[in-house]
Amino acid sequence: MTTPLRIVIPGGSGQVGNILARYFHAHGHDVVVLARGLTPAPWRVVHWDGANPGSWASELENADVLINLAGKSVDCRYTQANQRAIKESRIQTTHLLGKAVGQCVHPPRLWMNASTATIYRHSLDRPMDEQTGEIGGNEPNAPAKWRFSIDVATSWEKAFFDTLTPNTRKIALRSAMVMSPDRGGVFDTLLRLVRFGLGGTTASGQQFVSWIHDEDFLRSIEYLIDRKEIDGVVNIASPNPLPNVDFMKALRQAWGTRIGLPAASWMLEIGTVFLRTETELVLKSRRVIPGRLEDAGFQFQFPEWSAAAQNLVERWRAVKSAKSRVTTTSSSIR
């Protein structure tokens, strides 16, 4: 993209939002994040509550791209209250943005709405692309909490595509886990397990892990902005998901250790209670491939997990080393 764009990111204060905002801001684009809290950032941050119309809506006028990431994190225990908040926060904000876009004289040319690769069924037998992938929820013996996640995803996409925006191209981003060296993200959590000798096979280890390197995530978003003929649902994932046993082995090798204690299903059930999360995040087999991106000619820089893990570990170590130098310098000054 050679022309600076105006990019609005509702719910952009989380990890993925920060990755996007940081990237587009660094490339000279006008970035506006809509957030509940006004924390300092190199880009503009505008307050919204995600529930009511307000002055924030003026940011959508003449915007080039709207990327909606708003919604309560799924990294929590699925209590009734949390389930209600997870679903309602996504549908409510999508409806709210739809109304605001509909009232614009010059609406955004492109609206990307977050979705999730977990919309597909638990799959060990074959990969799931946008054309032939099977939506989950009807698998025999699937836990009720897995069906809840499918309900959230399908309801979210329905709210998005049911909104009438004739002058705005729309893409639902069925994204796999975005791997970046940023603290507090999925990769940071997995690497912490490896660093403490706990990064072994999870349960049977045969469940597939779908993932995407942060640089490919950013490049795919940029690619979709440029390719005006693409709309509808798009899988944002590496073309090579792999079983958990191989995924964790490659991560251990990238870190430089062979030790990784395995975790049985019963151990996960106990551990996730203390971590305030759910086992679905690691037990469901997500075998998702980016059919539409590949058909359109998108080239992945990190299509294989082994090279991606090596790059991410190196960057993680570089960030830690830089922070250590800053801390040492600050201490010597005092």
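So in region 71-90, with the set limited to residues that are open to solvent by 40 Å² or more (accessible area, probe 1.4 Å) and among the hydrophobic types (A, V, I, L, M, F, W, C), which one is farthest from PHE148 (Cα to Cα)? Result: ALA81. Checking each residue in region 122-144 for being within 22 Å of GLY205 (Cβ to Cβ) and either surrounded by 15 or more Cβ atoms within 10 Å (Cβ to Cβ) or of a type in the set (Lys, Arg) (or both) picks out HIS122, SER123, ARG126, PRO127, MET128, GLY136, GLU139, ALA142, PRO143.
Yes or no, residue by residue, for (1) part of a loop (DSSP other than H, G, I, E, B); (2) at pLDDT below 95; (3) aromatic (Phe, Trp, Tyr):
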| site | (1), (2), (3) |
| --- | --- |
| THR3 | yes, yes, no |
| ILE9 | no, no, no |
| ILE19 | no, no, no |
| ARG22 | no, no, no |
| GLY28 | yes, no, no |
| LEU34 | no, no, no |
| THR39 | yes, yes, no |
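Scan region 147-171 for residues that are small (Gly, Ala, Ser) and within 17 Å of LEU97 (Cα to Cα) and the total you get is 2. Got at least one residue in region 251-266 being modelled with pLDDT of 95 or more, open to solvent by 20 Å² or more (accessible area, probe 1.4 Å) and of a type in the set (A, V, I, L, M)? There is no residue in region 251-266 that is modelled with pLDDT of 95 or more, open to solvent by 20 Å² or more (accessible area, probe 1.4 Å) and of a type in the set (A, V, I, L, M). If you check ASN62, ASN18 for being touching a residue at least 60 places away in the same chain (Cβ under 8 Å), open to solvent by 10 Å² or more (accessible area, probe 1.4 Å), among the polar types (S, T, N, Q) and out of contact with any Ser or Thr (no Cβ under 6 Å at 6 or more places or on another chain), only one passes: ASN18. Has region 158-179 got at least one residue that is open to solvent by less than 10 Å² (accessible area, probe 1.4 Å), within 18 Å of ALA318 (Cβ to Cβ) and of a type outside the set (Phe, Trp, Tyr)? Looking through region 158-179, at least one residue is open to solvent by less than 10 Å² (accessible area, probe 1.4 Å), within 18 Å of ALA318 (Cβ to Cβ) and of a type outside the set (Phe, Trp, Tyr). Screening the candidates ASP49, ASP75 for the property of being part of a loop (DSSP other than H, G, I, E, B), more than 19 Å from the chain's Cα centre (by Cα) and charged (D, E, K, R) yields one hit, ASP49. Checking each residue in region 22-40 for being in contact with a helix residue (DSSP H, G or I) (Cβ under 7 Å, 6 or more places away or on another chain) and open to solvent by less than 40 Å² (accessible area, probe 1.4 Å) picks out VAL31, VAL32, VAL33, LEU34.
How many of the residues making up region 178-217 are in contact with a strand residue (DSSP E or B) (Cβ under 9 Å, 6 or more places away or on another chain) and either among the charged types (D, E, K, R) or closer than 28 Å to THR168 by Cα (or both)? Adding up the residues that qualify gives 5. Restricting the first residue to region 135-156 and requiring it to be closer than 15 Å to GLY71 by Cα and among the hydroxyl-bearing types (Ser, Thr, Tyr), which pairs with a second residue that is open to solvent by less than 30 Å² (accessible area, probe 1.4 Å) and assigned to a helix (DSSP H, G or I) meet a Cβ separation below 6 Å and a spacing of at least six or different chains? Pairs that qualify, where the first residue is closer than 15 Å to GLY71 by Cα and among the hydroxyl-bearing types (Ser, Thr, Tyr) and the partner is open to solvent by less than 30 Å² (accessible area, probe 1.4 Å) and assigned to a helix (DSSP H, G or I), are SER149/THR118. The numbered conditions (1) more than 27 Å from LEU164 (Cβ to Cβ); (2) of a type outside the set (Asp, Glu); (3) open to solvent by 60 Å² or more (accessible area, probe 1.4 Å) are all true for THR118 except (3). Taking the criterion of being loosely packed, with under 15 Cβ neighbours inside 10 Å and hydroxyl-bearing (Ser, Thr, Tyr), no residue of region 145-157 qualifies.
The values are calculated or read from the model by the stated rules, or taken from the named source; none is laboratory data. Quantities reported herein were computed from a predicted structural model and do not represent experimental measurements. Here Cβ is always computed from backbone atoms with ideal geometry, including for glycine, and neighbour counts include all displayed protein chains. We work out accessible area using only protein heavy atoms, side chains counted, and drop any ligands, DNA or RNA first. Shrake-Rupley method; radii C 1.70, N 1.55, O 1.52, S 1.80 Å.
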